[in-house]
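*Asks:* My questions will all concern the structure given below.
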Amino acid sequence: MNTTRYYLGFNLVPGLGPARLARLVAHCGSIEAAWHADAFALAAAGVDARSSAALLAARERLDLDAELRRVSSAGIQILTLDDPGYPRLLREAPGAPPLLYVRGSLTPADDWGIAVVGTRTPTPYGQEAARRLASDLARAGATIVSGLALGIDTIAHEAALESGGRTLAVLGSGVDRPYPGRNRHLAERIVAQGALISDYPLGTAPAAANFPPRNRIISGLARGTLVVEASERSGALITVAFALEQGREVLAVPGPIFSRQSVGTNRLLRDGAALAGSAEDVLTALEMTTATVQREARAELPDDPTEAALLEQLSYAPRHIDELGRAAGLPAPAVAAALAMLELKGVVRQPVPLHYVLAR
């Protein structure tokens, strides 16, 4: 069953965020049943009267098939939580948006995303740090994720593009209305070498209230968030808060103690963020030193039955190689070979020798 039309419908109803929608779907049994739920079922699922009225009115007003055609004709892809192409890292994050609008393309390479964020008014030091780090990370195979804002975001996107790498821009507006206006040319370049992403419907204008929530998508698409420069109240620190909630690594570039633009980053370092003085620091902290090799191996080498059997036995709790072999009913040589291949693909890792867990 194609559920995209129903996710699209809910996305056009104000007041029904990811948590409320998840409760409604759980109560009704499916996204389709939730869309057709009557007022009594909506109330039983905990939907408040205002949101319930908005949904019932939307069902009368919307032609979901026409809405789908409108999105498709704009050259924009819709990805929902039911879609296998939905970004893996974001799907694993709490409160993942049920629907994403994507202008451009997402690829398996984007599993190696690193968010690079910071102030809109960087110092020359911050500009050079952002440019060098983003460029080196892109060359190492990482996808640079940011928010298309002026300042550090813009520098990070441009450095990734100029290095021949991939970059994703998460917007606080519809993907058909990139903001700020002066970055529209940059947005078109990103579409050709990555994607513009938003959970806001087409036509949504940029508004101050839209930007803090979109930061959860920036951090959710990334294995870690790197803050280059941030003042005491920088919006980049909102992204950091989301990253910590999502269990993702936070890194910061140290700055001069007399610089207002380094107050936030130096405080992050004081509070336990990993120090990022080079791309190698970032890759090591995120266990991505072999990102390019892992990306190519995952893309080119399909899973086989032995790998599948072992993955069924793996979790985030370490298990010894011998225990895995016994549980999967496989001979030791086959287990060793399959685990080596899964490690190369970045699917598993060894926290201690001969013990394996699922990689993040």
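Residues checked against (1) within 20 Å of Ile197 (Cα to Cα); (2) of a type in the set (Asp, Glu); (3) in the same structural domain as Ala149 (by TED's automatic domain parsing); (4) in contact with a strand residue (DSSP E or B) (Cβ under 7 Å, 6 or more places away or on another chain):
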| residue | (1), (2), (3), (4) |
| --- | --- |
| Asn215 | yes, no, yes, no |
| Ile218 | yes, no, yes, yes |
| Leu237 | no, no, yes, no |
| Glu245 | no, yes, yes, no |
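*Asks:* Hey, among the residues in the stretch 297-330 that are farther than 25 Å from Asp110 by Cα and exposed (fewer than 11 other Cβ atoms within 10 Å of the Cβ), which one's modelled with the highest pLDDT?
*Replies:* Gly329
*Asks:* Then there is this: Against the definition (in the same structural domain as Val170 (by TED's automatic domain parsing) and farther than 26 Å from Asp199 by Cα), how does Thr143 come out, yes or no?
*Replies:* So Thr143 does not fit the description; no.
*Asks:* I'm trying to understand the selection: among the residues of the stretch 173-188, which are out of contact with any Asp or Glu (no Cβ under 8 Å at 6 or more places or on another chain) and not in a loop (DSSP other than H, G, I, E, B)?
*Replies:* Matches in the stretch 173-188: Gly181, Arg182, Asn183, Arg184, His185, Ala187, Glu188.
*Asks:* Restrict the check to the stretch 64-74 and report whether at least one residue is in a helix (DSSP H, G or I), touching a Phe, Trp or Tyr at 6+ places or on another chain (Cβ under 6 Å), not hydrophobic (A, V, I, L, M, F, W, C) and not assigned by TED's automatic domain parsing to the domain that holds Asp199.
*Replies:* no
*Asks:* In the stretch 60-73, what count of residues is obtained for those that are touching a helix residue (DSSP H, G or I) at 6+ places or on another chain (Cβ under 7 Å) and surrounded by 14 or more Cβ atoms within 10 Å (Cβ to Cβ)?
*Replies:* 4
*Asks:* Additional query: Return the total of residues in the stretch 14-51 being surrounded by 18 or more Cβ atoms within 10 Å (Cβ to Cβ), in contact with a Ser or Thr (Cβ under 8 Å, 6 or more places away or on another chain) and outside any helix (DSSP H, G or I).
*Replies:* Qualifying residue count, the stretch 14-51: 1.
*Asks:* So, one more: Take the stretch 126-153 and flag every residue that is surrounded by fewer than 24 Cβ atoms within 10 Å (Cβ to Cβ) and in contact with a Gly (Cβ under 7 Å, 6 or more places away or on another chain).
*Replies:* Passing the criteria: Arg139, Gly151.
*Asks:* Given (1) surrounded by 14 or more Cβ atoms within 10 Å (Cβ to Cβ); (2) at negative phi, identify the lone condition not met by Gly95.
*Replies:* Of (1) surrounded by 14 or more Cβ atoms within 10 Å (Cβ to Cβ); (2) at negative phi, only one is false for Gly95: (2).
*Asks:* Name the single residue that is nearest to the chain's Cα centre (by Cα) among those in the stretch 154-170 being under 17 Å from Thr123 (Cα atoms) and crowded, with 24+ Cβ neighbours inside 10 Å.
*Replies:* The residue in question is Ala156.
*Asks:* For residues in the stretch 219-253 being under 18 Å from the mean Cα position of the chain (by Cα) and part of a loop (DSSP other than H, G, I, E, B), which is surrounded by the most Cβ atoms within 10 Å (Cβ to Cβ)?
*Replies:* Within the stretch 219-253, the match that is surrounded by the most Cβ atoms within 10 Å (Cβ to Cβ) is Ala222.
*Asks:* Return the pairs, sorted by first residue and then second, in which the second residue is of a type in the set (Asp, Glu), the first residue lies in the stretch 78-90 and is within 16 Å of Leu168 (Cα to Cα), the beta carbons are less than 9 Å apart, and the residues are 6+ apart or on different chains.
*Replies:* Within 9 Å, the pairs are Pro87/Asp110; Pro87/Asp111; Arg88/Asp110; Arg88/Asp111; Leu89/Asp110; Leu89/Asp111.
*Asks:* Which one is farthest from Arg103 (Cα to Cα), of the residues in the stretch 23-76 that are in contact (Cβ under 8 Å) with a residue 40 or more places away in the chain and of a type in the set (Gly, Ala, Ser)?
*Replies:* Selected residue: Ala54.
The values are calculated or read from the model by the stated rules, or taken from the named source; none is laboratory data. Keep in mind that what you see is a predicted model, and the values were worked out from it rather than measured. Using ideal geometry, Cβ is built from the backbone for each residue, glycine included, and neighbour counts are taken over all protein chains shown.
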